[in-house]
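> Have a look at this one before I ask anything.
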Amino acid sequence: MRKKVAIVTGAGRGIGKEVALAFARKKYQVIVAEIDSGLGNQTVDEISEMGEGALFVKTDVSKVNEVEAMVARVHEEFKRIDVLVNNAGISEFCDVFELDEMQWDKVIDTNLKSVFFASRAVARVMKKTGGSIVNMASTRAVMSEPGGEAYGASKGGILAVTHSLAASLGTYGITVNAVLPGWIETGDYGELKEHHHKQHLSGRVGKPADVARACLFLASRENDFITGAQLVVDGGMTRKMIYE
Ligand SMILES: NC(=O)c1ccc[n+]([C@@H]2O[C@H](COP(=O)([O-])OP(=O)(O)OC[C@H]3O[C@@H](n4cnc5c(N)ncnc54)[C@H](O)[C@@H]3O)[C@@H](O)[C@H]2O)c1
């Protein structure tokens with residue numbers, strides 16, 4: 001029996017790295033599809049030190065040819081793909097009157113276009129066996145601060161492409177779900193102040209491991225009745241009513 005294979009995009013640091021480590025702990029062969037070679041190889045080294053299997057494939061997810069080449073290489077080498085976590089993303093914010101076409105396209109191509117083309121590429125492989133796709137959206141898909149037009153549009157688009165792909169791929173036993181993280185601290189957690197934690201119903205800011213567990217849950221074959229879903233992982237922040 002070959003090991004199950006999980007591709008995690010943007011797994012060089014932050015949430016993606018934690019997701020990659022979580023799948024490695026569950027004995028998946030992990031593919032680190034990352035634009036930054038230094039970061040990507042570091043994740044692979046950490047997984048190797050755990051005694052598990054990982055492969056770095058340098059990929060710019062905003063380029064369809066690179067995404068398709070990465071998936072083709074994984075299929076060629078491992079003969080199966082069980083999970084895709086579309087995590088790579090850039091959070092760029094810009095004054096509404098300053099945002100130019102190039103910035104808009106960069107955010108949409110990296111965060112949204114990548115999700116469709118990577119999902120379709122793996123679905124061509126998963127079609128025979130079934131599989132799970134998890135897309136990293138954001139609570140900013142459904143709420144905003146000023147200057148979030150491009151990022152918010154990319155994340156809202158992810159929610160739409162998630163249920164659309166769930167409809168198209170269900171017949172092949174492929175589930176497609178979205179995770180909506182709120183504030184997930186990827187820097188120095190110890191630097192956070194009490195008021196940062198207290199603004200969450202859960203009483204704390206989120207950690208990458210909170211999101212990684214959600215991805216494992218949605219990717220589990222046991223949970224194949226869940227598809228087209230949106231799982232909010234935000235410590236209750238989007239449910240908090242604010243009167244000042
Ligand atoms: N951290 C949060 O609070 C938060 C909240 C909501 C949603 N998210 C989403 O979660 C995902 C990960 O966020 P994070 O905070 O860990 O980000 P991060 O910036 O710490 O890490 C992103 C990773 O993606 C890689 N990457 C960037 N562009 C890429 C490209 N074109 N191709 C391949 N890899 C690329 C980076 O090199 C990096 O390793 C993103 O999609 C982000 O929008 C994060």
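> Enumerate the calculated ³J(HN,Hα) couplings along segment 192-208 in order (Karplus 6.51 cos²θ - 1.76 cosθ + 1.60, θ = phi - 60°), each rounded to whole Hz, writing x wherever the residue is Gly or Pro.
So the Karplus estimates, Gly and Pro as x, are 5, 9, 4, 5, 5, 5, 5, 6, 9, 4, 6, x, 8, 6, x, 10, x Hz.
> Could you check the simple spin-label distance between E222 and E68, using points 7 Å along Cα→Cβ, in nm with one decimal?
So the label points at E222 and E68 sit 3.8 nm apart.
> Here's another thing I want to ask about it. Quick one: grab the alpha carbon gyration tensor of segment 99-153, order the square roots of its eigenvalues as a ≥ b ≥ c, and give me rounded if a/c is under 1.5, else prolate or oblate depending on whether a/b is larger than b/c.
Taking the square roots of the gyration eigenvalues as a ≥ b ≥ c, segment 99-153 is oblate.
> What is the gain in length, in nm to one decimal, between I242 and E101 on full extension, counting 0.36 nm per residue of separation less the C-alpha to C-alpha distance?
Result: 47.3 nm gained on full extension.
> Same structure, new question: Quick one: which of 182-191, 130-139 comes out on top by average Cβ neighbours within 10 Å, and what's the full order, highest first?
Most protected by this proxy first, the peptides run 130-139, 182-191.
> Give the angle, between 0 and 90 degrees and rounded to the nearest 10, that separates the Cα long axis of helix 14-25 from the longest principal axis of the Cα atoms of the chain.
Relative to the chain, helix 14-25 is tipped by roughly 40 degrees.
> If you don't mind, another one. I'd like the per residue volume of the convex hull spanned by the Cα atoms of segment 87-184, given in cubic angstrom.
Considering the Cα atoms of segment 87-184, their hull volume per residue is 85 Å³.
> Give a residue-ordered list of calculated ³J(HN,Hα) values for segment 171-187 (Karplus: 6.51 cos²θ - 1.76 cosθ + 1.60, θ = phi - 60°; whole Hz; x for Gly, Pro).
4, 9, x, 9, 8, 9, 9, 10, 10, 10, x, x, 7, 10, 7, 9, x
> Where the centroid of each part is defined by its Cα atoms, how far is segment 42-94 from segment 178-216 in Å?
Between the Cα centres of segment 42-94 and segment 178-216 lies a distance of 24 Å.
> Sticking with this one: From the square roots a ≥ b ≥ c of the eigenvalues of the alpha-carbon gyration tensor of segment 5-239, which class results: rounded (a/c under 1.5), prolate (a/b over b/c), or oblate?
rounded
> Among the trypsin sites (Lys or Arg not before Pro) within segment 144-244, which fall in a DSSP loop and have no more than 10 other Cβ atoms within 10 Å of their own Cβ?
K193
> Further question: Near the amide H of A11, under 5 Å away, which other amide H atoms are found, from residues 5 or more places off or on another chain, if H is placed in the peptide plane?
A33
> Another question about this same structure. What is the fewest-to-most order of Y172, Y28 by other Cβ atoms lying within 10 Å of their Cβ?
Going from least to most buried by this count: Y172, Y28.
> A follow-up question, please. What list of ³J(HN,Hα) values in whole Hz, one per residue of segment 89-106 in order, does the Karplus curve 6.51 cos²θ - 1.76 cosθ + 1.60 (θ = phi - 60°) give from phi, with Gly and Pro shown as x?
Values per residue, Gly and Pro as x: x, 10, 10, 10, 10, 7, 3, 4, 8, 9, 4, 10, 4, 5, 5, 4, 5, 4 Hz.
Just so you know, all these numbers are worked out from the coordinates, no wet-lab data involved. From a predicted model like this one, the values you see are computed outputs, not experimental measurements. Glycine gets a Cβ as well: all are built from the backbone with ideal geometry, and neighbour counts include every protein chain shown.
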